[in-house]
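The values are calculated or read from the model by the stated rules, or taken from the named source; none is laboratory data. Only a predicted model underlies this, so the values are computations on that prediction, with no experimental measurement involved. Every residue, glycine as well, gets a Cβ built from its backbone with ideal geometry; the counts of neighbours run over all protein chains shown.
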Amino acid sequence: MTAPVEPLDVVVVGGGQAGLAAAWHLRGQGLRFLVLEAAGELGHTWRTRWESLRLFTPAEHDALPGLPFPAPAGTYPGKEAVAEYLQDYAAAFALPVELDARVTGLRRTDGGFQLSTADRTYTARQVIVATGPLQTPFVPPLAAGLDDSVIQLHSADYRSPVALPEGPALVVGGGNSGFQIAEELAGTRPVELSVGSAYPALPQRLLGRDLFWWLNRLGLMRVTVGSRLGRRVQNKETLIGTSRRGLQRAGVRFRPRLVDAAGHTFRFADSTSREASVVVWATGYRFDHSWIDVPGVLRDGRVIHTRGITEVPGLYFLGLPWQHTRGSALLGFVADDAAHVAAHVARTAAAMDSGQVPRPWGAPDAQAAPRHVRK
């Protein structure tokens, strides 16, 4: 595909759930736009996660705007079903997606923005960055002290127990991924789980209803990042459908925070230690916005925005964790933020067409929420 000579109205960077939700709205607005996806297929990020991964949101809460998720209510889709849904979604609405188009540079121009990939350059009046939260797997620096014979992999590279050599395993990380991987591994070998911080745990079902039925009914999925409750919980992960007691029943032994690793030995915060030849780092991800060369958007590598709207006219973010609510980065809940950002895009496009100077962050629709920095 040849890059357009005339600037596009909008380029969406990222073809995951956030980018496709934005594209659906842009299609309805009649704007000339293109979605740039780094991978060779839509849903690639989902397909490359561990084999048994399933959503903890039931199918009725997993739809993007305009197309229900094709699974019975009350069921929990697996990763392959999610990947297929994203592919079918783009096809159903004929969304223009360019595959194998990893954006390596973004800068401002007199007419808007210029985006660079390995072999092409695109220009657009506006840009939506929808690259999601799973960008760069984080492994703590202490891992460098381990012997080369220790098999170590990040949860991003974990697939199944059979892919690991036999023998005891150590999982490091007390979030949902760490708990789920430790529980799965415990069916085939002795497993220890190192947890640095204790997170609250909620059951998948409560009083005969799925957890997300209650969260929606009580309005907790709509709690905003600027509210008192939102400020308290936005940096705390919640374990869903699993618990410390449940893993102990499965045979998982808990260890405190890992503080050092050398050779084959792992040392923990309670001064105990153990040797291991297999370790899974379920230690999360870090954002990588180093390719964005636009002043006023990042502070210490973090995005400065209000519900995805930056102070740079025409530049937006979508799909960030707690961008506005708990559901901002979730498949079935990103739609609200996508509608908000797309509406701002449409108003900015209209202003540009009429020769007006686009308003930055302080536009009336954005003033209700405080400006914040997304970690």
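Observations
- Within the span defined as segment 249-270, one or more residues are in a helix (DSSP H, G or I) and out of contact with any Gly (no Cβ under 7 Å at 6 or more places or on another chain).
- All positions within segment 275-284 that are at pLDDT below 95 and either on the phi > 0 side of the Ramachandran plot or assigned to a strand (DSSP E or B) (or both): Glu275, Gly284
- Scanning segment 139-161 turns up no residue that is of a type in the set (Asp, Glu), farther than 27 Å from Gly15 by Cα and in contact with a Leu (Cβ under 9 Å, 6 or more places away or on another chain).
- Considering segment 293-302, and only residues there that are outside any loop (DSSP other than H, G, I, E, B) and closer than 20 Å to Trp322 by Cβ, the residue that is modelled with the lowest pLDDT turns out to be Arg302.
- So Thr123, is it outside any loop (DSSP other than H, G, I, E, B), modelled with pLDDT of 95 or more, surrounded by 15 or more Cβ atoms within 10 Å (Cβ to Cβ) and polar (S, T, N, Q): yes
- All conditions but one from (1) crowded, with 18+ Cβ neighbours inside 10 Å; (2) more than 20 Å from the chain's Cα centre (by Cα) apply to Asn176; the one that does not is (2).
- Members of segment 61-96 that are in contact (Cβ under 8 Å) with a residue 60 or more places away in the chain and not aliphatic (A, V, I, L, M): His61, Asp62, Pro65, Phe69, Gly74, Tyr89, Phe93, Pro96
To keep it simple, each residue is scored yes or no on (1) in the same structural domain as Val12 (by TED's automatic domain parsing); (2) in contact (Cβ under 8 Å) with a residue 40 or more places away in the chain.
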| position | (1), (2) |
| --- | --- |
| Thr224 | no, yes |
| Val252 | no, yes |
| Pro256 | no, yes |
| Asp260 | no, yes |
| Arg267 | no, no |
| Asp293 | yes, yes |
| Gly296 | yes, no |
| Ile309 | yes, yes |
| Val312 | yes, yes |
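- Selection count, segment 37-63, where residues are in contact with a Pro (Cβ under 9 Å, 6 or more places away or on another chain) and surrounded by fewer than 21 Cβ atoms within 10 Å (Cβ to Cβ): 3
- Every residue from segment 98-113 that is in contact (Cβ under 8 Å) with a residue 12 or more places away in the chain and either more than 12 Å from Val312 (Cβ to Cβ) or loosely packed, with under 13 Cβ neighbours inside 10 Å (or both): Glu98, Leu99, Asp100, Ala101, Arg102, Val103, Thr104, Gly105, Thr109, Gly111
- Among (1) under 30 Å from Val278 (Cα atoms); (2) charged (D, E, K, R); (3) crowded, with 16+ Cβ neighbours inside 10 Å - the single one Arg159 does not satisfy: (3)
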